[in-house]
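The values are calculated or read from the model by the stated rules, or taken from the named source; none is laboratory data. Since we're looking at a predicted model, the values are computed, not measured. Virtual Cβ from ideal backbone geometry, glycine too; neighbours counted across all protein chains shown. These area figures cover heavy atoms from the full protein model, side chains too; ligands, DNA and RNA do not enter into them. Shrake-Rupley method; radii C 1.70, N 1.55, O 1.52, S 1.80 Å.
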Amino acid sequence: MPTTALSAHPTDVVIVSRQEWTSRSLASILAPHGYMVHNTYTVGQALARIRHDPPDALMIDEELPDGDGYPLCRDLYDESLISASTPVFLVMPRPPTRRDRLAALRAGAWGCLGEPLDAEELIAALGVFVPAKLDADQARTQGLVDEMTGVYNGRGLSRRAAELGAEATRRHAALGCVLLAPDPEPADGDGGRSDLPLWLLRRIATALRSTARHSDAIGRVNTNAFAIVAVDTDAAQARRLAERLAAAILAQPAGPPPAGRFRVRAGYHGVSDFHSAAIDSAELMLRATAALQQARTDLPDAWLQPYH
């Protein structure tokens, strides 16, 4: 599967490691599957390479001669040196612990690679992540992706939602939509909501991608709101999905000052058999939007509302 998916596109993987044996070990795994491997050994070399030619995937040592892998990972995303859909793995010389995995996720990495290295798992992960990244690249060139966050924009989400609606109709499957709005709490002297800072928008998008299924469509539908359209998701499942997504957003680490505080509001709607429902995907999203508006006007503890 990875070889077929990558055959039409030379897929570049940049390895950032001070250990020659680590680079060679990873290259020996990747090259037979059609990946073009480029070795760098310092933060400076990696940045020069990435600025010249952004890769399709990255593998970064947690410790480097001239820096640390964790801030490098954050900087690559925050400074838009790589797209938000580019998978990054942090490499460590031990079996990753839960603490390691959480630290990697908070830095923006998609996972950890530890010793002993599981070659089969690595190839399987790249076989999922890289084609999704290439699809996102194609969508971006067609104007379907939000440049700030790497998820669908409104146009792209509407198109993908229509495809999911057609699939649900054919299969008599459930279809659901969740809208989430992380609203900044007004600062002293500020009576209204303000736009979220860019770093927070990107971390929210990362939280949504890491929590939602690969089959779910994620989009930024306005300045501060994100939508997820999910097949095989009725109203009760949409509510649970909203709760998981909100928890993932609120679990994101604090950002650069002034970070400010924010709360999450959400609305949802779902139908158990989209074939028999008298609505289309656009109406489904409108109903979830109406539910979000209700959540925004209700009391703070009524943050999650269904469509009535």
Sum of -39500 (n - 2.57) over DSSP H runs of 4+, divided by residues of the chain (222 nm, nearest 500): -14000 deg cm²/dmol
Computed lengthening from Thr223 to Ser80, 0.36 nm per intervening residue step minus Cα-Cα distance: 49.6 nm
Accessible area expressed per residue, the chain, with surrounding protein chains retained (probe 1.4 Å, Å²): 47
Degrees, to the nearest 10: 235-250 long Cα axis against longest axis of the chain: 50
Global geometry of segment 70-220, whether rounded, prolate or oblate, following the gyration tensor of its Cα atoms and the 1.5 cut on a/c: oblate
Gyration tensor (alpha-carbon) shape descriptor, segment 117-189, a/c threshold 1.5: oblate
At most 16 other Cβ within 10 Å, DSSP loop - GluC sites (Glu not before Pro), segment 44-128: Glu79
Dipole moment magnitude, nearest 20 debye, the chain about Cα centre, only Lys, Arg, Asp, Glu C-beta charged: 460
Acute angle (nearest 10 degrees) that the helix 154-171 long axis makes with the longest principal axis of the chain, alpha-carbon atoms: 80
Under 5 Å, built H, 5+ apart or other chain: amide partners of Ile60: Val16, Phe89, Leu90, Val91
Shape metrics for the chain, restricted to C-alpha atoms - Rg then Dmax, Å: 20.4, 61
Accessible area of the chain belonging to carbon and sulfur atoms, whole % at 1.4 Å probe: 53
Neighbourhood charge, 12 Å Cβ-Cβ cut-off, centred on Ser281 and excluding it, Lys, Arg +1 and Asp, Glu -1: -1
Distance in nm between pseudo-label sites at Met148 and Ser272 (7 Å out along the Cβ direction from Cα): 4.0
Rounded if a/c under 1.5, otherwise prolate or oblate - segment 1-94, Cα gyration tensor axes: oblate
Full-extension gain in nm, Ala247 to Asp118, via 0.36 nm per residue minus C-alpha separation: 43.4 nm
For segment 1-115, share of DSSP beta bridges that run antiparallel, in % to the nearest 5: 10
